[in-house]
1. In nm, to one decimal, how far is the modelled label at Ala343 from the one at Arg398, with both set 7 Å along Cα→Cβ?
2. If the label point is 7 Å along Cα→Cβ of Ser170, which residues in region 118-141 have backbone nitrogen under 16 Å from it?
3. Rounded to the nearest 500, what is the 222 nm mean residue ellipticity of the chain from helices alone, with -39500 (n - 2.57) per DSSP H run of 4+ residues and division by all residues?
4. Here is the link list: Lys42/Lys378; Lys260/Lys378; Lys151/Lys419; Lys51/Lys419; Lys42/Lys419; Lys202/Lys419. Which ones come out longer than 22 Å on Cα distance?
5. Residue separation times 0.36 nm, minus the C-alpha to C-alpha distance between Arg330 and Thr140: what's the value?
6. Would you mind putting 457-468, 343-354 in packing order, based on average other-beta-carbon counts within 10 Å, highest first?
7. Work out how much length Gln439 to Glu94 would gain on full extension: take 0.36 nm times their residue separation and subtract the Cα-Cα distance, in nm to one decimal.
8. For Glu308 paired with Ala147, estimate the spin-label separation in nm (one decimal), with each label point 7 Å from Cα along the Cα-to-Cβ line.
Amino acid sequence: MQVDPKAAAPAASQSQGSPASAGAHGHGPAQPLGAAPAGPLKGRLRPPGDKSISHRALILGLLAVGRTRITGLLEGDDVLRTAAACAALGARVERLGPGEWQVDGCGVGSLLAPRQTLDFGNAGTGTRLMMGVVGGHPITATFDGDASLRKRPMRRILDPLALMGAQVVSEAEGGRCPVTLRGAGEPAPIEYRTPVPSAQLKSAILLAGLNSPGRTVVIETEASRDHTEKMLAYFGARIVSEPDGPHGRRITLEGRPELKARDVIVPADPSSGAFALVAALITPGSDVTIEGMMMNPLRIGLITTLQEMGADIALLNPRVEGGEDVADLRARHSQLTGADVPAARAPAMIDEYPVLAVAAAFARGETRMRGLSELRVKESDRLAAVAAGLEAAGVVHRIEGDDLIVMGGAQPRGGGEVKTHLDHRIAMSFLVMGMAAQQPMRVDDAAMIATSYPSFRAQMEALGARFA
């Protein structure tokens, strides 16, 4: 099946049995879902392929010369939107079977202008990375998405791209989508210090810098996820990452490499595996093994934190797949204790704070999660959404500045309904809470879970979870 850039993302999502958003600007009918206690969770599962790696594998396949083969691609709606965008920019993108894809790339500097708007649905990562790609090429493209994506700020991406020579032709208020971007024919090499630790920001600048005649440098005070750097090197780019300060990195990219197509094995997504991990820890009698979990040091902040809280997590069969460290994790029910989670750890677990808050509700004592400002600009204001979900479950908590404090204790009451605000991680996190709380938990909409974890319900039910 070759990808049709005009329709592939929604069609592919539906072919997997998962709902897609109803067009660029809205959302389909809400699909409420509840989870109730059902006894121990037992068994093995392999979560979907890592979303960050999946996006980047498609994009690097677009920019490489030759045929890139991808195994284990996450076939959620977010990634399918990126596949469709790659096809719209000139690549031949083809699905060979479940998780098996190939991309015949155009090469850096040889992209085509898309004939229609690039509709990214709910995919913030795909949008921001592809803005970097377009910003470094002499083409014009319009970026848009669903109601949730239209609320997310893009100015932090557009500002450095403007320094490189790209032009914002039009934008919604506050630098939000829809955005029409005219890329630079010869992007200026820049040295840019990121104002916040953001892998999306860093990646957009580096992807734009690929077509620059000089050297692009990104400096981070706090190191963010390094998947883009690793994959660029894997595809043949000349890129060096060096320590800068106590926690930062200085990344230097030489422009205009000839990227060579490579085979990519996508490891399991730790952000998706986090739900079964926490569910096993908080549900009495549980014993769950999560296979093929990515163990990149910049992605395991949740595991580190849970172990500090007393979680029984064993790392089995460590290995390397697709250039990334991987292991199987065995998680068993544990009596957790509250912890103080430092702000410096946020980049290594930014997507896992909602489910960590659920774990903290079952822990003895106080858990303080520091420095969560970035949660306010995710798919929803996740900090407010998590707080509202905890309130619905009867969990004592408070927000102090950018810190979230959760007072855990005995089994939370549960019994509430949580507003997800079209946010897949809020939905899955509070469904996990319902698996172990005194009373079931319900979310107002589970449809958008398909953006990152289409098989969530089926895999959790196979372990013993009960949904209704």
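No value in this document is a laboratory result; all are computed from the given coordinates. Just so we're clear, the structure is a prediction, and the values are computed from it rather than from any experiment. For neighbour counting, all protein chains shown are included, and Cβ atoms are generated from backbone atoms with ideal geometry for every residue, glycine included.
1. 1.9
2. 118-119, 140-141
3. Rounded to the nearest 500, it is -8500 deg cm²/dmol.
4. Correct reply: Lys42/Lys378; Lys260/Lys378; Lys51/Lys419; Lys42/Lys419; Lys202/Lys419.
5. That pair, Arg330 and Thr140, stretches by 63.6 nm at full extension.
6. The densest-packed peptide leads the list: 343-354, 457-468.
7. Between Gln439 and Glu94, full extension yields an extra 119.7 nm.
8. 3.8
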